[in-house]
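Coordinate-derived values only; no laboratory data. Quick caveat: nothing in here was measured; it's all calculated off a predicted structure. Here Cβ is always computed from backbone atoms with ideal geometry, including for glycine, and neighbour counts include all displayed protein chains.
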Amino acid sequence: MIERIHSKQRMSKIVKHGGVVYLCGQVGDGATVTEQTEDCLGRVDHLLREAGSSRAHILQATIWLADTADFDAMNAVWDAWVPEGAAPARACGEAKLADAELRVEVIVTAALTA
Amino acid sequence: MIERIHSKQRMSKIVKHGGVVYLCGQVGDGATVTEQTEDCLGRVDHLLREAGSSRAHILQATIWLADTADFDAMNAVWDAWVPEGAAPARACGEAKLADAELRVEVIVTAALTA
Amino acid sequence: MIERIHSKQRMSKIVKHGGVVYLCGQVGDGATVTEQTEDCLGRVDHLLREAGSSRAHILQATIWLADTADFDAMNAVWDAWVPEGAAPARACGEAKLADAELRVEVIVTAALTA
C-alpha cells in the first residue's frame with residue numbers, strides 16, 4: 001500500500017501511495033545558490049525517475065530559500081529546468097535550513113506515471 | 001491525467017490530479033495584512049471555483065506570515081471566510097516572502113467536487 | 001466525501017479524503033524542544049489513531065523549528081519515534097511559530113489503513 005525507497009530511520013527519500021510520490025526535501029551541493037539549485041533539481045530528477053515519475057509530472061513544489069535575495073538566481077535555474085507546459089503549483093518562502101551553508105531546499109509531490 | 005490551468009513557465013496556478021487540486025501559493029494586494037488576506041482569499045475562491053472546487057472543500061492550508069505579529073489580524077479574516085463546518089487542516093508559521101511588501105501567503109490543497 | 005474530526009471554525013484537526021488524512025500542524029507542551037517534540041508526536045499518534053492511521057503510515061512530514069539549533073535535539077526524539085522501516089518523506093526548516101514559546105511544529109499527511 002505504501003512503498004518506500006531509500007528508507008532510513010529518520011526519513012525515506014521516496015514514499016509512494018495512491019498514485020502520488022512524496023520526496024523528502026532536497027538540497028544541493030555548491031558554493032552559490034545557482035550551483036545548489038542545479039544540483040538539487042538534478043537530485044529531484046533522479047529520485048522522480050527512480051519512483052516512476054518525472055519533472056513533467058510534479059503536482060506541487062515548495063521552495064525554501066535561506067535568503068529571499070536569492071529568489072532571482074534560484075528562479076533562473078528553476079525556469080530552465082521546468083518542462084514547457086508542465087509547471088507545477090509552486091510556493092516559495094524564506095526559511096533557514098538545517099545547515100548554515102544550505103541556500104535552497106525543494107519539497108516535491110508528483111504523480112506516478114506507471 | 002494531470003490538468004493544469006493558468007500554466008506558465010515558472011508555475012501553474014491550478015494543478016488537478018486524482019480528485020485533488022493544488023493551488024500555487026496565493027498572496028494579495030493591500031497595505032495591511034487584513035487587506036492582503038482578504039484579497040488573497042478572494043483569489044483562492046476564484047481559483048478553486050475555476051478548478052471545480054470551493055472554499056468548503058479545502059483539505060489542507062499552509063499559511064506563511066512575514067511577521068507572526070499579524071497572526072490575529074490574519075485570523076480575523078480567515079475565521080470569517082471559512083464556511084461553518086468545513087474548516088481544513090491548517091498550519092501557520094513565519095516566513096519572509098518573495099517581495100518585502102507581502103505580509104501573507106496561503107498554500108491550498110482541496111478536493112475536487114466534479 | 002470529506003470527513004472532518006475535531007472541527008472548529010478556524011481549522012479541523014483531522015481531515016480525511018481519498019485514502020489520505022491531513023492533520024493540522026501539531027505543537028507540544030514543555031519547556032525544552034525535547035519535551036515539546038515528545039508531546040507533539042504523542043498528539044500526532046493520538047490523532048492518527050483516531051483517523052484510522054498510525055505513525056507507521058505517514059507519507060509526508062514537514063517540521064518547523066523556531067531555531068535550527070534545536071535540530072539535533074528534535075531529531076533524537078523523532079528518530080526514536082519513527083517505526084523501523086516506516087519513515088516518511090520529511091523536510092525540516094526554520095520558522096518562527098504562532099506563540100514565542102513554541103519550539104517545534106509538525107505537519108503530517110498519512111495514509112488511511114481502513
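Within the bounds of the range C:105-114, is there any residue that is surrounded by fewer than 18 Cβ atoms within 10 Å (Cβ to Cβ) and closer than 22 Å to A:GLN9 by Cα?
Step one: filter the range C:105-114 for residues surrounded by fewer than 18 Cβ atoms within 10 Å (Cβ to Cβ), giving C:113-114.
When the remaining residues are screened for being closer than 22 Å to A:GLN9 by Cα, the result is C:113.
Checked the range C:105-114: at least one residue is surrounded by fewer than 18 Cβ atoms within 10 Å (Cβ to Cβ) and closer than 22 Å to A:GLN9 by Cα.
Take the residues in the range B:40-57 that are more than 14 Å from chain A (Cβ to nearest Cβ) and more than 10 Å from the chain's Cα centre (by Cα), then tell me which one is nearest to B:MET11 (Cα to Cα). So that I can check it myself, show each step before the final result.
Narrowing the range B:40-57 to residues more than 14 Å from chain A (Cβ to nearest Cβ): B:41-42, B:45-46, B:49, B:52, B:54-57.
If we keep only those that are more than 10 Å from the chain's Cα centre (by Cα) as well, we get B:46, B:49, B:52, B:54, B:56-57.
Working: B:HIS46: 17, B:ARG49: 19, B:GLY52: 19, B:SER54: 21, B:ALA56: 25, B:HIS57: 23 Å.
Selected residue: B:HIS46.
Kindly establish whether C:TRP64 is surrounded by fewer than 17 Cβ atoms within 10 Å (Cβ to Cβ), touching a residue at least 12 places away in the same chain (Cβ under 8 Å) and within 13 Å of the chain's Cα centre (by Cα).
Working: surrounded by fewer than 17 Cβ atoms within 10 Å (Cβ to Cβ): no; touching a residue at least 12 places away in the same chain (Cβ under 8 Å): yes; within 13 Å of the chain's Cα centre (by Cα): yes.
For C:TRP64, the condition - surrounded by fewer than 17 Cβ atoms within 10 Å (Cβ to Cβ), touching a residue at least 12 places away in the same chain (Cβ under 8 Å) and within 13 Å of the chain's Cα centre (by Cα) - is not met.
Matching residues to (1) more than 26 Å from B:VAL44 (Cα to Cα); (2) aliphatic (A, V, I, L, M); (3) in contact with a helix residue (DSSP H, G or I) (Cβ under 9 Å, 6 or more places away or on another chain):
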position: A:THR34; (1), (2), (3): yes, no, yes
position: A:HIS46; (1), (2), (3): yes, no, no
position: A:SER54; (1), (2), (3): yes, no, yes
position: A:LEU65; (1), (2), (3): no, yes, yes
position: A:CYS92; (1), (2), (3): no, no, yes
position: A:LYS96; (1), (2), (3): yes, no, yes
position: A:ALA100; (1), (2), (3): yes, yes, yes
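Pairs please, first residue from the range C:77-100 and within 7 Å of chain A (Cβ to nearest Cβ) and closer than 16 Å to C:VAL33 by Cα, second anywhere and crowded, with 21+ Cβ neighbours inside 10 Å and among the charged types (D, E, K, R), Cβ atoms under 7 Å, 6+ apart in sequence or on different chains.
Sorted first by the residue in the range C:77-100, then by its partner, the pairs are C:GLY93/A:GLU105; C:ALA95/B:GLU94.
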